[in-house]
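The values are calculated or read from the model by the stated rules, or taken from the named source; none is laboratory data. Note that the coordinates shown come from a computational prediction; the quantities given were computed from them, not determined experimentally. Here the Cβ is made from the backbone with ideal geometry for all residues, glycine too, and neighbour counts use every protein chain on show. Remember, those area values only see protein heavy atoms, side chains included, never the ligands or the DNA or RNA. Shrake-Rupley method; radii C 1.70, N 1.55, O 1.52, S 1.80 Å.
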Amino acid sequence: MLRSATLISYPVGTDQGGDTRTVSYRPPLGLLLVADRLEALNVKVRIVDLALEWVKYQDLSQRELSFAATIAESLAQHDSAFFGFSSIAGTMPLSVRIAQLLRPHIRKRAQIGFGGPGASSVATELLRYVEEIDFVLSGEVEGSLAEFVRLYGTPELQQCPNLVWRDQRDGRNEIICNQSAPLPDDFPQPNLKRWSYDVGLPVLPIELGRGCPYACQFCSTKDFFGRAYRLKPVSTLLSELKSLLGDSSSPIGLEFVHDLFTVNRKLVLNICNAIISSGLQFSWSCSSHINCSSPELIEHMARAGCRSIFFGIESGSNLTAS
């Protein structure tokens, strides 16, 4: 059974090629939600946020080791049975390098696992080429965490849903992808205070739901979320909004976290109408796609406080490869 875990986020918003000491930052909601679920299962959890660690690294007067080596040595001091790396495609090389440098320090006293969209989309290749990683816990893992905790440290862990693992029994060297647990349909807001994040952040994130119904070839989240579009009930969202706005020190705005918020026009209008009727005063941003937007919808979103939309655009050129 798993008793202790260190969870490592990917470094969102850092400029690792320069020497900036600032970061365009939001707390890692997915990782915090996993941490909440693990603690509810009596697992002692520590979180290492690589975005914040990068800022600390930049402030060191002398940097004798690379950032990856510095983090690996720091992680080696954790008395944890499991080191879990969250990953996205753009930062996964750094996470892999940290894991590789960490392995000699912890040897077999702990296991190293990867999760998140980046690792889930290339789980088989990751295990084939990176021997320091013991397994990948792929996809949305809320439905498999209880089994993961119960079976951890036993041979039966290989039966855990969502697990991608190496089958080396009887001389085999096969990578097995277990069946996924059912997708979750509830996305509670983690307690940012409990994880020592500054609630005075200028923008606070709140998860609206998950899943994009499209299957863009370049996108890793289509596999991660199973193309299953889900939104929180309006009543739940309003309750969380009131809690966030009441507990914060007047944030500039909120970030509505969802891969493609506007794909269901009716649900978006319901949420906007509920915000307008509630009398809550705040600004917010979201992600969308031009094909799922219209001037009328955007105007209604603006009346509900929307001030920024991140549009996914495949290319700025009409030219195609010949």
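Just need the relative contact order of region 75-172 here, percent rounded to a whole number, with Cα pairs under 8 Å and 6+ apart.
It rounds to 25 percent for region 75-172.
Isolated Cys in the chain by the 4.7 Å beta carbon test?
CYS160, CYS177, CYS212, CYS272, CYS286, CYS292, CYS306
Given Cα pairs under 8 Å that are at least 6 residues apart, what percent is the relative contact order of the chain?
Rounded, it is 13 percent for the chain.
Rounded to the nearest 0.05, what FRET efficiency do VAL203 and ALA40 give with R0 = 30 Å and r taken as the Cβ-Cβ distance? Could you check?
0.65
Can you compute the modelled spin-label distance between SER239 and ARG227, with each label point 7 Å from Cα toward Cβ, in nm?
3.3
Ignoring ligands, DNA and RNA, what percent of the 1.4 Å accessible area of the chain is carbon and sulfur?
50
Beyond a 30 Å Cα-Cα separation, which of these cross-linked pairs lie in this structure: LYS44/LYS222; LYS242/LYS266; LYS193/LYS266; LYS108/LYS193; LYS44/LYS108?
LYS44/LYS222; LYS193/LYS266; LYS108/LYS193
If a helix is a whole DSSP H run, which ones in the chain reach 18 Å or further along their own axis (Cα) and hold a mean Kyte-Doolittle hydropathy of at least 0.0?
92-106, 234-247, 265-278
Using modelled amide H (1.01 Å from N, peptide plane; none on Pro or chain starts), what sits under 5 Å from the amide H of LYS44, excluding residues fewer than 5 places away?
SER4, ALA5
Sort 158-168, 299-309 by the packing proxy (mean of other Cβ within 10 Å over each peptide's residues), most packed first.
Answer by packing, highest mean first, reads 158-168, 299-309.
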